[in-house]
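What follows is a short report on a single structure.
The values are calculated or read from the model by the stated rules, or taken from the named source; none is laboratory data. Everything quoted here is computed from the prediction, not taken from an experiment. Every residue, glycine among them, receives a Cβ derived from its backbone with ideal geometry; neighbour counts consider all protein chains shown.
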Amino acid sequence: MNKTQRIVIAGDIHGCFRALDQAIKYFEPDLVLQCGDFGIWPWTDMDKIAEGFRTTDGRVVPAHFCDGNHEHHQTLRMFRECTSPPFEVGREVFYQPRGSTITLPNGRIVLFAGGAYSVDKDQRTPGTDWFPEEILTEDDFASFPNIPSVYMVISHAAPMSAALPPDLFPQVPGPIPEGTGQGVAALLAEAVVLRPLPCPFQPEAGGVRVSRPGLRP
C-alpha cells in the first residue's frame with residue numbers, strides 16, 4: 001500500500017527561507033509546493049538554500065516554486081536560458097517555469113502557472129525590482145500541456161472571480177487590469193474547480209470563496 005504523501009503548499013516567502021525551514025520542521029512534509037514570490041534576487045543569500053530544506057531528522061524535503069510578481073525575472077530567465085530542466089537552484093529546490101509540471105508519486109500531475117500583476121509597480125524601478133514579464137501571456141498559456149490531465153494548479157495570481165476578503169488586501173488600489181487573472185481563472189475552472197478536489201478556491205454561489213485553514217495545534 002502506498003504511503004499517503006504530506007504536502008505543504010506555501011504562499012509568498014520573499015526570501016524568508018528561515019520561516020519555510022521552520023514550517024518544514026513543524027509539519028514534516030514529503031514535498032513543498034510554493035506559489036511564487038519565493039525570493040530569488042541578485043542579493044539573495046543562496047547559501048541558505050544550497051543544502052536544501054530539512055526536517056528535524058535531517059531529511060531533505062523537495063521544494064518546487066513558480067514565479068510571482070515580486071521576483072527578479074532576469075535571474076529566472078537566466079536559469080531557463082543557461083541551464084536545462086529541472087532548474088535546481090539549491091539542493092532539491094526547483095524553479096518551475098510557467099507551463100512546467102511535476103508528477104506526484106500517485107501519478108497525479110501538478111501544473112505551475114506563475115506570474116501576476118504588481119499593484120505597487122508605480123513604486124518600483126523597471127529592470128531593477130519590476131519587470132514587464134511578470135504578467136502571464138497568451139504565449140505562456142499556448143505552451144501549457146493538456147489541461148484535463150492536470151490534478152492541481154500552483155499559481156501566484158488568484159482567479160478574477162475570487163471574492164478576496166477586503167481585510168486581506170486593504171491597500172489594493174482599484175480594479176486589477178482586465179486579463180491579468182483570466183488565464184488562471186480558466187486553468188482553475190478546467191483543472192480544479194469543476195472537480196471535487198481539495199482547492200483553496202471553493203465554488204460558492206455568486207463567485208469563489210477563499211478558505212484559510214488554520215494550523216494544527
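What the table shows:
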| quantity | calculated |
| --- | --- |
| Restricting the stretch 119-161 to residues that are surrounded by fewer than 17 Cβ atoms within 10 Å (Cβ to Cβ) and among the polar types (S, T, N, Q), the residue that is nearest to Arg6 (Cα to Cα) | Ser149 |
| Looking only at the stretch 56-109, and only at residues there that are among the polar types (S, T, N, Q) and touching a Pro at 6+ places or on another chain (Cβ under 8 Å), the one that is surrounded by the most Cβ atoms within 10 Å (Cβ to Cβ) | Ser100 |
| Count - residues of the stretch 24-37 that are crowded, with 18+ Cβ neighbours inside 10 Å, farther than 17 Å from Met152 by Cα and without any contact (Cβ under 8 Å) to a residue 40 or more places away in the chain | 2 |
| Output for the stretch 114-170, where each listed residue is of a type in the set (A, V, I, L, M), under 19 Å from Arg98 (Cβ atoms) and at pLDDT below 75 | Ile147, Ala158, Met160 |
| The listed residue being closer than 30 Å to Phe27 by Cβ and in contact with a Leu (Cβ under 8 Å, 6 or more places away or on another chain), out of Ala50, Ala113 | Ala113 |
| Selection count, the stretch 53-92, where residues are among the aromatic types (Phe, Trp, Tyr), within 15 Å of Phe112 (Cα to Cα) and touching a residue at least 24 places away in the same chain (Cβ under 8 Å) | 1 |
| Filter pass, Arg91 being of a type in the set (Lys, Arg) and in contact with a Gly (Cβ under 8 Å, 6 or more places away or on another chain) | yes |
